[in-house]
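Trainee: After the structure tokens below, expect a handful of questions from me.
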């Protein structure tokens with residue numbers, strides 16, 4: 001027994017000694033390279049700025065740089081709001097809030113999936129001395145040690161002063177003085193309780209709670225700040241309610257915005273989502289983007305001019321002093337076809353007036369702009385060719401569990417037998433409806449997703465006419481897949497990200513994935529060239545754009561959306577115009593504005609200048625493709641009775657046979673001969689009857 005106790009004693013002694021040695025070794029490793037706390041403490045906010053560069057190397061934006069002021073020049077309401085929100089025990093702890101730390105540890109260990117913040121104001125200030133992007137318990141421990149150092153050397157007022165001067169409220173507002181001037185055109189000392197609570201809520205997510213863009217979110221956050229001030233005894237509930245009801249007068253945002261503001265917002269959002277606001281605003285990132293400043297300037301000018309013209313046409317130019325009149329809005333995205341790089345992006349009419357990014361956040365029906373996906377599906381799944389003949393005729397399609405669908409043509413007439421290429425050029429709705437009925441909506445959805453449409457698409461017959469919402473970025477990217485013989489390049493806008501030491505954090509390597517057959521893809525391109533040269537998109541030719549191009553117009557029900565998406569072999573550009581609240585686009589005479597009239601001019605004006613000086617590059621023709629002249633009514637080589645001819649792209653296995661595709665009952669589809677008068681079909685569900693342009 002004595003031997004056992006002796007052995008047990010020595011074992012415990014040795015284990016205890018090893019534990020002490022281990023702890024000492026751990027502390028030695030952790031402490032030996034701790035960063036030095038600067039003297040004076042105000043230097044702790046001298047962090048390297050984050051810089052964002054264009055594809056040309058031009059610096060577009062610097063995030064950082066502060067205007068430090070003494071704490072005596074900061075509103076007491078703001079000081080209290082920050083302390084109540086960020087660290088309500090700040091005046092009592094010594095750098096580490098033990099209760100919050102234990103609570104956070106408990107949640108981490110026993111409530112998986114939940115995250116509980118525990119950093120004090122002093123710890124958040126200490127983060128400025130750590131330029132590592134790792135998120136580890138070791139780093140957290142090191143931050144705590146530095147926070148203890150800071151608390152031992154400086155008083156609370158010095159710590160709080162440094163912190164309030166380093167908070168990031170947005171890319172152009174670092175520190176409370178810049179924030180007060182940027183958001184309220186005041187000094188930090190002039191902020192009232194309502195303004196102080198609004199600003200104190202921003203650091204949690206400067207982008208998400210930006211009152212210029214998301215006032216509803218900002219006000220909800222403001223209410224949370226006021227509630228915390230009540231809970232900590234800084235204000236009464238009555239004062240909080242009065243402050244919440246106090247009108248906020250944001251500083252005028254009419255100042256000229258920098259080139260590419262919508263694009264830069266997109267970049268900053270990615271950075272904050274990936275690395276967190278602290279790293280973006282204090283970590284000295286170097287970000288190389290894809291934007292071409294020249295193309296971006298041209299895109300912004302084309303959009304502004306086009307929307308000004310639409311406002312004149314629609315009679316919606318705001319009267320002086322009355323900016324409440326809704327004006328037409330728009331979006332433009334230009335993507336390099338061979339890489340997917342976003343070269344220009346505009347999200348609305350003048351960023352300073354509306355920061356809502358319609359290029360990526362707005363999902364509107366594409367109308368007939370969606371038809372190329374339907375036509376490709378027909379080539380792939382049905383064995384059709386551009387010379388296949390269908391009959392443009394009154395059509396009724398049975399819909400399981402719903403009323404029959406009766407699509408109508410924009411022209412209110414029917415053309416009888418017509419080849420697919422001519423039908424796409426004229427944007428004949430009944431032909432697209434017949435194609436999706438035969439191939440099935442699910443196959444069209446699959447084609448669109450393969451090309452690059454990422455939005456959710458409803459597998460319904462009316463999808464052929466573009467009744468699902470998509471974004472301009474998706475459309476530009478998806479059409480680029482046709483331009484590259486069916487090779488998809490995912491769109492991207494960041495080339496490379498480096499940290500302050502030059503280490504690469506992200507780098508985009510261009511790679512493509514074949515998603516379409518090259519021959520069928522070229523046939524769709526050739527059909528869309530017909531749209532531009534002689535069809536519903538011919539407006540771009542009349543406006544002077546002469547380079548080889550393909551594209552498609554789109555106009556939705558009641559003229560609520562007007563689109564034109566088109567591409568050259570090197571650049572794919574999508575333009576959308578319309579009202580935010582989906583009211584019809586009509587001119588002063590009540591005539592609806594189509595994609596060819598509303599969006600195509602913006603596209604043409606941009607592309608003319610964007611491609612200026614570029615050689616006339618032709619689309620690559622696959623070896624298996626041959627061009628043949630046919631009669632657009634019969635699909636056969638022309639004869640003495642042919643009134644016009646059209647060139648179609650056929651594969652070696654396809655012939656211009658002139659066979660008329662029969663309906664599902666085995667009977668030939670009727671409708672040959674002269675144009676028939678339109679007979680209005682019964683009313684159908686809103687949004688499923690899509691109207692389109694004529695040349």
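The values are calculated or read from the model by the stated rules, or taken from the named source; none is laboratory data. The model shown is predicted, which means the values in this text are computed figures rather than measured ones. Here the Cβ is made from the backbone with ideal geometry for all residues, glycine too, and neighbour counts use every protein chain on show.
Trainee: I need the full set of residues from the stretch 227-250 which are more than 19 Å from residue 91 (Cα to Cα) and assigned to a helix (DSSP H, G or I), in order please.
Mentor: Across the stretch 227-250, the qualifying residues are 227, 237, 238, 239, 240, 241, 242, 243, 244, 245.
Trainee: Could I ask something else about it? Collect the residues in the stretch 282-300 that are under 20 Å from residue 341 (Cα atoms) and either assigned by TED's automatic domain parsing to the domain that holds residue 344 or not in a helix (DSSP H, G or I) (or both), keeping them in residue-number order.
Mentor: Hits for the stretch 282-300 are 286, 287, 288, 289, 290, 291, 292.
Each row is one residue, and each column tells you yes or no for (1) assigned by TED's automatic domain parsing to the domain that holds residue 584; (2) touching a helix residue (DSSP H, G or I) at 6+ places or on another chain (Cβ under 8 Å); (3) surrounded by fewer than 22 Cβ atoms within 10 Å (Cβ to Cβ); (4) not in a helix (DSSP H, G or I).
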site	(1), (2), (3), (4)
302	no, yes, no, no
305	no, yes, yes, no
308	no, no, yes, no
335	yes, yes, no, yes
338	yes, no, yes, yes
345	yes, yes, no, yes
374	yes, yes, no, no
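Trainee: Still on this model: Please determine whether any residue of the stretch 360-369 is under 14 Å from the mean Cα position of the chain (by Cα) and either surrounded by fewer than 16 Cβ atoms within 10 Å (Cβ to Cβ) or outside the structural domain of residue 611 (by TED's automatic domain parsing) (or both).
Mentor: Yes, some residue in the stretch 360-369 is under 14 Å from the mean Cα position of the chain (by Cα) and either surrounded by fewer than 16 Cβ atoms within 10 Å (Cβ to Cβ) or outside the structural domain of residue 611 (by TED's automatic domain parsing) (or both).
Trainee: Residue by residue through the stretch 227-243, note down the ones that are surrounded by fewer than 16 Cβ atoms within 10 Å (Cβ to Cβ) and closer than 18 Å to residue 216 by Cα.
Mentor: 241, 242 - these are the residues of the stretch 227-243 that are surrounded by fewer than 16 Cβ atoms within 10 Å (Cβ to Cβ) and closer than 18 Å to residue 216 by Cα.
Trainee: If you don't mind, there's one more thing I want to ask. Restricting the stretch 270-279 to residues that are closer than 12 Å to residue 505 by Cβ and modelled with pLDDT under 90, which is surrounded by the fewest Cβ atoms within 10 Å (Cβ to Cβ)?
Mentor: So the residue we want is 275.
Trainee: Could you figure out which of (1) touching a helix residue (DSSP H, G or I) at 6+ places or on another chain (Cβ under 9 Å); (2) not assigned by TED's automatic domain parsing to the domain that holds residue 528 isn't true of residue 315?
Mentor: (1)
Trainee: What number of residues in the stretch 324-333 are part of a loop (DSSP other than H, G, I, E, B) and either at pLDDT 90 or above or crowded, with 18+ Cβ neighbours inside 10 Å (or both)?
Mentor: Counting residues in the stretch 324-333 that are part of a loop (DSSP other than H, G, I, E, B) and either at pLDDT 90 or above or crowded, with 18+ Cβ neighbours inside 10 Å (or both) gives 2.
Trainee: Is there a residue being surrounded by fewer than 21 Cβ atoms within 10 Å (Cβ to Cβ), in contact (Cβ under 8 Å) with a residue 60 or more places away in the chain and within 23 Å of residue 650 (Cα to Cα) anywhere in the stretch 508-516?
Mentor: The answer is yes, given that some residue of the stretch 508-516 is surrounded by fewer than 21 Cβ atoms within 10 Å (Cβ to Cβ), in contact (Cβ under 8 Å) with a residue 60 or more places away in the chain and within 23 Å of residue 650 (Cα to Cα).
The rows are residues; the columns are (1) farther than 26 Å from residue 452 by Cα; (2) out of contact with any strand residue (DSSP E or B) (no Cβ under 7 Å at 6 or more places or on another chain); (3) in a loop (DSSP other than H, G, I, E, B).
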| residue | (1), (2), (3) |
| --- | --- |
| 547 | no, yes, yes |
| 551 | no, no, no |
| 558 | yes, yes, no |
| 575 | no, no, no |
| 589 | yes, yes, yes |
| 601 | no, yes, no |
